[in-house]
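Reviewing the structure listed below.
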Amino acid sequence: MSLSKSIDFLLENGGDVLKYRPHREILQDISKPQEQALLEKVLETPAYKLLERYVKPNGYIGIGMHSWDKFKETPLQDGEAAARLLSNYAIPKSSPIIKNFISSLRNDEILENEFS
């Protein structure tokens, strides 16, 4: 299967994330309004909405890191899984959820509270 056929398949059959990323990153054929409209659909997906529930006031997402299967209800309560979803969904770095999460990961006091 050629790259073109693979992309066409994703654009015809994929969900909002699989439409957003190829247009934005591979084809680069999307206008800013179209990109924003697709991003808004991505931000309404059930997984992203679930992740939003785990954002703490300090910006950290979830409980700890690398241990969702032992202590949590869903993988998205794990900092690593949350970071992976944000990356996989190509949430822009300018998004408050990304900015605050990165800030929390760079804050020793927050990390000490989260991991002790």
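The values are calculated or read from the model by the stated rules, or taken from the named source; none is laboratory data. Since this is a predicted model, take the numbers as computed values, not measurements. Glycine gets a Cβ as well: all are built from the backbone with ideal geometry, and neighbour counts include every protein chain shown. Ligands, DNA and RNA are stripped out before the accessible areas are found, and what is left, the full protein with its side chains, is counted by its heavy atoms. Shrake-Rupley method; radii C 1.70, N 1.55, O 1.52, S 1.80 Å.
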Ratio of the chain's C-alpha Rg to 2.2 N^0.38 Å, to two decimals? 1.22
Cα lying deepest toward the dipole's positive end in the stretch 10-72, options Leu43, Ile30, Tyr54, charges on Cβ: Tyr54
The chain, dipole about Cα centre (Lys/Arg Cβ +1, Asp/Glu Cβ -1), debye to the nearest 20: 160 debye
Excluding ligands and nucleic acids, what accessible area in Å² is computed for Ile30 using a 1.4 Å probe, to the nearest 10? 40 Å²
FRET efficiency for Ser116 and Glu44 from the Cβ-Cβ distance with R0 = 41 Å, rounded to 0.05, comes out at 0.70
Once Leu11 and Thr74 are pulled to full extension, the length gained, defined as 0.36 nm per residue separation minus their Cα-Cα distance, is 19.8 nm
Using only alpha carbon pairs under 8 Å that are at least six residues apart, calculate the relative contact order of the chain and give it in whole percent. 19 percent
Of the residues Glu35, Glu12, Glu44, which exhibits the maximal mean-square fluctuation in a Gaussian network model of the chain defined by a 10 Å Cα contact cut-off? Glu12
Hydropathy at least 0.5 by Kyte-Doolittle, axial extent at least 24 angstrom from the Cα trace: which helices of the chain, defined as entire DSSP H runs, fit? none
Multiply the residue gap between Asn88 and Ser4 by 0.36 nm, knock off their C-alpha separation, and tell me the result in nm, one decimal place. 28.1 nm
Between Leu18 and Ile63, the FRET efficiency computed from the C-beta separation at R0 = 35 Å comes out, to the nearest 0.05, as 0.75
Using a 1.4 angstrom probe and counting only protein chains, how large is the accessible area of Asp8 in Å², to 10? 70 Å²
accessible surface per residue for the chain, probe 1.4 Å, DNA/RNA/ligands not counted, whole Å² -> 65 Å²
